[in-house]
Amino acid sequence: MNRSLSQRTPHSLLDDPKAHQKLEVNYRKNKEQDHTPKIDDAVRRFDFDACKDAWWNPESFSLLHGTPLWDEASPTERLRLNQLYWVAYYSQIVSAEIATILLNQTCAAGMYSIEDFRVVCDGLDLESAQERAHINAFKTIGEKVEEKLFGERVFTYPMRSMYVETMIFQNSNKVKEFWRNIQLRAATMLTSGNAFLGCQYFAIRGLRTLNGKMIQQALAQPYLKAPDKAASPVPAQVSYFHFMDESFHFNTSRLLSHDVLGCLPQPGPFERFVANRAVDGCQKDHYHFSVAVKGIFWYDPALFHAVYRVLRSKVFGMDHAEAREMIRRCFTEESDGLHEAHRIHETAVQSYRVYAEPLGYLNAKNKSMSRMAESTIEGYLRDTRRAFARFEANA
C-alpha cells in the first residue's frame, strides 16, 4: 500500500494507483478543455432572428418528428419544430443539472472521509461550475426563443430547487411529489456522510447520463459537420460545447461507480438497500418514452396542454378543434415517431443493463432493468388514449 504514515484509515484511493491515475487524467483534461468560456460567449451572441432559418439539430431531432404534425407541416413550421426540440430537450437537462450540482457536493463530502479523494472532489467542483454555465445557456436561449415565438413560457420555467420533480413532464400528483421530496432530502443527508453511498450516486448519474450521451452526440453533429463552424447557429454550438463537457462528466461517473468501489469498505445490508432503492427510482423515472421529444423520459399526457398552446400560437395558427384533433392523432395513434421513440428507449434499457452488470451490490431486478423494460407501445397508447379522453372532456 502506498500511504503516508499520517493516514489513519484502512482505505485509500491510492490503494488503486490505476484508478487514481485515470481520475487525475480525466480531471486534468477536463480542466484544460473546459468549454465554459465558449458557452458563455455563445450565449452573449445569441440572436434568434440571426438563426431562425437554420436547423439547430439533425432533422429527426424535432418536436413530434414522424407524427402527423410533422408530416403536414410547412418548411417553416418544420424549422420551428426543430428549434423547439432544442428548447424542450435542454429544459429537461436544466432540471437534471440543478440536481447534479447539489449532489456533486453532498457526495463529495461523503467521499472526502476516505483518504486521498481530493482529486475526485476537485473534479466535482469543476463539473459543478460547468453545470452552472450549461444551465445559464439553456435557460437564456430557451427563454428568448419562447418569448419571441409565444410571448410566454411553454417548456422553460423559472429557476427551481432540486427537490422539485426532476422530470418536468411526468405522471405525478401532490402525494407523489411530497414523498419524492422527503426521499431526496434523506438521500442528500445519507450521501454526505457515507463514502459508499456518495460514490454509488455516480452509478445513478452514470445511468442517467447514458441515454443523454447518445442523444447529445447526435445533437453535436450540426456543429461538427458545419463547413464554417463559427457561422453555425449558436444553439448548435452550445450543443457541441455541452457534449464535450459532459463526456468528461460521464467518465467521472463511470470511474467512480466502477473503478473506485474497490477502495471503499464493502457495503452493509442498509447501504445495499439504499443503493438498490436509488437504482429502482432511476428506472421509475425513466419508464416512459416521449413521442414529442424523443430521447426524453417524459409522460406525454402531461404534455398535452403545452403542445396545445404551441398549436394555438401564431406559429401554427390552429383553432381549438384543429389543435385538439392534432393532439389526438399525434399521441393516440401509431406513427413512425412513436416507434422511433420506443426504439431509443429500448436502446437505453440495453445500455443500462451493460452499465449495471459489474455492480455486485445490485439485485437482479435492477441489473436486468426489468421495470424500464416493461414500457411498451401498447401501454403508451393505452395511457395516452385514456388521458386524451379526459383532456377532450375538459378542453
Looking only at helices (runs of 4 or more DSSP H) that fall completely inside the range 307-382, which ones have 1 or more residues that are within 22 Å of Phe61 (Cα to Cα)?
320-332, 336-356
Within the range 53-75, is even one residue touching a Gly at 6+ places or on another chain (Cβ under 7 Å), among the hydroxyl-bearing types (Ser, Thr, Tyr) and closer than 18 Å to Glu340 by Cβ?
yes
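Among Ala96, Ala88, which is part of a helix (DSSP H, G or I), within 23 Å of Val154 (Cα to Cα) and at pLDDT below 95?
Values: Ala88 fails: at pLDDT below 95.
The conditions single out Ala96.
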Could we say that Arg371 is among the charged types (D, E, K, R), closer than 14 Å to His286 by Cβ and surrounded by 13 or more Cβ atoms within 10 Å (Cβ to Cβ) here?
yes
Against the definition (modelled with pLDDT under 90, on the phi < 0 side of the Ramachandran plot and either part of a helix (DSSP H, G or I) or over 20 Å from the mean Cα position of the chain (by Cα) (or both)), how does Gly206 come out, yes or no?
no
Pairs only if they're at least six apart or on different chains, beta carbon under 7 angstrom, first in the range 317-340 and under 19 Å from Ala393 (Cβ atoms), second at pLDDT 95 or above and not in a helix (DSSP H, G or I); list them, first residue then second.
Met326/Met318; Cys330/Leu64; Cys330/Thr67; Cys330/Val291; Phe331/Val291
Residues within the range 220-243 that are buried (at least 17 other Cβ atoms within 10 Å of the Cβ), of a type in the set (A, V, I, L, M, F, W, C) and either assigned to a helix (DSSP H, G or I) or over 19 Å from the mean Cα position of the chain (by Cα) (or both), tallied
5
Filter the range 115-140 down to the residues that are at pLDDT below 95 and either basic (Lys, Arg) or part of a strand (DSSP E or B) (or both) and list them by number.
Glu115, Arg118
Long-range neighbours under 9 Å by Cβ, at least six apart or interchain, first residue without any contact (Cβ under 8 Å) to a residue 40 or more places away in the chain within the range 360-384, second acidic (Asp, Glu) and in a helix (DSSP H, G or I):
Ala373/Glu346
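The values are calculated or read from the model by the stated rules, or taken from the named source; none is laboratory data. Everything numeric here is computed off the predicted structure, so don't read it as measured data. Methodologically, a virtual Cβ is constructed for each residue, glycine included, from the backbone with ideal geometry; neighbour enumeration extends over all protein chains shown.
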